[in-house]
Amino acid sequence: MKRILALLAGAGLITAIAVAQQASPKAEVPPPDASGGGGSAYAVGGIAVDVTAKNVDDARRIAWSRAQRLAWPQLWARLTGRPALEAPALSDGQIDAMVAGIESQGEQFSATRYIAKLGVVFDRSRAADYVGGGLALLQSPPMLLLPIEVDGGAALVMQARTPWAEAWARWRGNVTPIDYVLPGGGAAENLWLNAWQAGRPERGPWRSIMARFDTVDVLVAEVRLVRSFPGGPVKGQFIARHGPDGVELGRFALTVKSENALPALMDEGVRRIDAIYAEALRAGRLQAERDLGIDMAPVVEAEPLIGDPMADAGALLVAAITPDAAALAGAENLLRAVSGGEVLVRQSAVGGTSRFELAMPGGEAALQAALAAKGWALVANGNDRVLRRAAPAAAPQPAPPAPKPPPATKP
């Protein structure tokens, strides 16, 4: 009898260990890339399943099949922009033929029960046969996403591995009409991609950032966490913003009962914010400013050049001392006004020297004349032409008196 009890206790311990090992450990989230590219598959994640069967293998098999059936209407709705209830009714065999794999996003099991959160990966080419013309609908250009988490008064983007940033990293493979580009969280990026920059409306720095990530616009997804007490309920206030001006597109609040459910809160927040951005795209409210993104594509020469290439006479480089953001914006606006065209910020240095590139018909002489009319001038400083206030004109000197004629002499 003691031997039987010992065997049962050992079996129970083994089962408990198996459950604990599979109880959704905190996964190592890979650093997001900045490619924003697609791929050969569609992914639909976050599908919760709970199945009981004769054994764990049967329960897992049934759960995977159920996840596929639940994922197909979601895939069709995201690709077409129509309600999931209108998705074509496909057999299990047809859906299984489209599925390229099942991704476990956390699972628990016992001898007869299987509980998991799964992601279903569909093959693009096979899914296109059932989606039809839906694939030709709206798709956004690449947009930089800044996930801001405000917790305990600290606002972080990628300066630390926050649950909000990890939730967006998990969402990257999902089907969405928005082409998100997440920053990688490097040391240099963390200096300028912070919560303060997200609320900064000056266009000059944003143009440099857009050129760095090869994007055309910025999206700011913010969550503010409020805890009732340690380990207790957590409330998240989610806000979706768009553009350098931070135009609010929508907000909502979610609450979970404990800290352990925080990842689920974040995943649901990501899903709803993505839906807000998708709806704004379809409504035409997710429009990028025309001069915010800069086309940095290289120029391909038709024939190789021999010798030193000739400089473009119409392209001028101008330096300006910019002690603050207002000086940077003022210099850019001045050069745009006198040139009548676009001004490219080649180097943005608040507190230092910024450099601009512009095209000016007539070259440097015409630019000097246009700046002089506004009280400015270009001063040579080494290889730079520095923008400075023109020196005030000297007051005209009075003409010297005419010499008196010599006195006449008597004969």
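The values are calculated or read from the model by the stated rules, or taken from the named source; none is laboratory data. Given the structure is predicted, the values throughout are model-derived calculations rather than measurements. Counting neighbours? That spans all protein chains shown, and the Cβs are built from the backbone with ideal geometry, glycine included.
Here is how the numbers come out for the structure above:
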item	result
Any hit, region 266-283, residues being surrounded by fewer than 21 Cβ atoms within 10 Å (Cβ to Cβ), of a type in the set (Gly, Ala, Ser), at pLDDT below 90 and part of a loop (DSSP other than H, G, I, E, B)	yes
Odd one out for Val99 among (1) touching a residue at least 40 places away in the same chain (Cβ under 8 Å); (2) buried (at least 19 other Cβ atoms within 10 Å of the Cβ); (3) closer than 23 Å to Asp58 by Cβ	(1)
Residue match in region 76-87 (condition: under 27 Å from Val234 (Cβ atoms) and touching a helix residue (DSSP H, G or I) at 6+ places or on another chain (Cβ under 9 Å))	no
Which listed residue, of Ala221, Ala195, Ala154, Ala160, is modelled with pLDDT of 85 or more and within 30 Å of Gly101 (Cβ to Cβ)	Ala221
Criterion violated by Ala84 - all others in (1) surrounded by 14 or more Cβ atoms within 10 Å (Cβ to Cβ); (2) in contact (Cβ under 8 Å) with a residue 12 or more places away in the chain satisfied	(2)
Flag if Glu222 is in a helix (DSSP H, G or I) and acidic (Asp, Glu)	no
Selected residue [of a type in the set (Lys, Arg) and under 30 Å from Val121 (Cα atoms)] from Arg212, Arg161	Arg161
Extreme residue, nearest to the chain's Cα centre (by Cα), among residues of region 43-55 that are over 16 Å from Arg271 (Cβ atoms) and surrounded by fewer than 19 Cβ atoms within 10 Å (Cβ to Cβ)	Asp50
Single condition Tyr114 does not satisfy, out of (1) modelled with pLDDT of 85 or more; (2) under 30 Å from Gly186 (Cβ atoms); (3) among the aromatic types (Phe, Trp, Tyr)	(2)
Residues satisfying the stated conditions in region 103-120, i.e. assigned to a strand (DSSP E or B) and farther than 15 Å from Arg61 by Cβ	Glu103, Gln105, Gly106, Gln108, Lys117, Gly119
Residue match in region 210-233 (condition: farther than 28 Å from Ala275 by Cβ and among the acidic types (Asp, Glu))	no
Residue in region 239-247 that is assigned to a strand (DSSP E or B), β-branched (Val, Ile, Thr), under 30 Å from Glu357 (Cα atoms) and out of contact with any Pro (no Cβ under 8 Å at 6 or more places or on another chain) present	yes
Count of region 163-192 residues which are part of a helix (DSSP H, G or I) and either touching a helix residue (DSSP H, G or I) at 6+ places or on another chain (Cβ under 8 Å) or modelled with pLDDT under 85 (or both)	13
Residue match in region 206-213 (condition: assigned by TED's automatic domain parsing to the domain that holds Arg285, in a helix (DSSP H, G or I) and among the polar types (S, T, N, Q))	yes
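Matching residues to (1) at pLDDT 80 or above; (2) over 24 Å from Asp291 (Cβ atoms); (3) touching a Cys at 6+ places or on another chain (Cβ under 7 Å):
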residue: Ala331; (1), (2), (3): yes, no, no
residue: Ala337; (1), (2), (3): yes, no, no
residue: Gly340; (1), (2), (3): no, no, no
residue: Val345; (1), (2), (3): no, no, no
residue: Ala373; (1), (2), (3): yes, yes, no
residue: Ala377; (1), (2), (3): yes, yes, no
residue: Asp384; (1), (2), (3): no, yes, no
residue: Arg388; (1), (2), (3): yes, yes, no
residue: Ala393; (1), (2), (3): no, yes, no
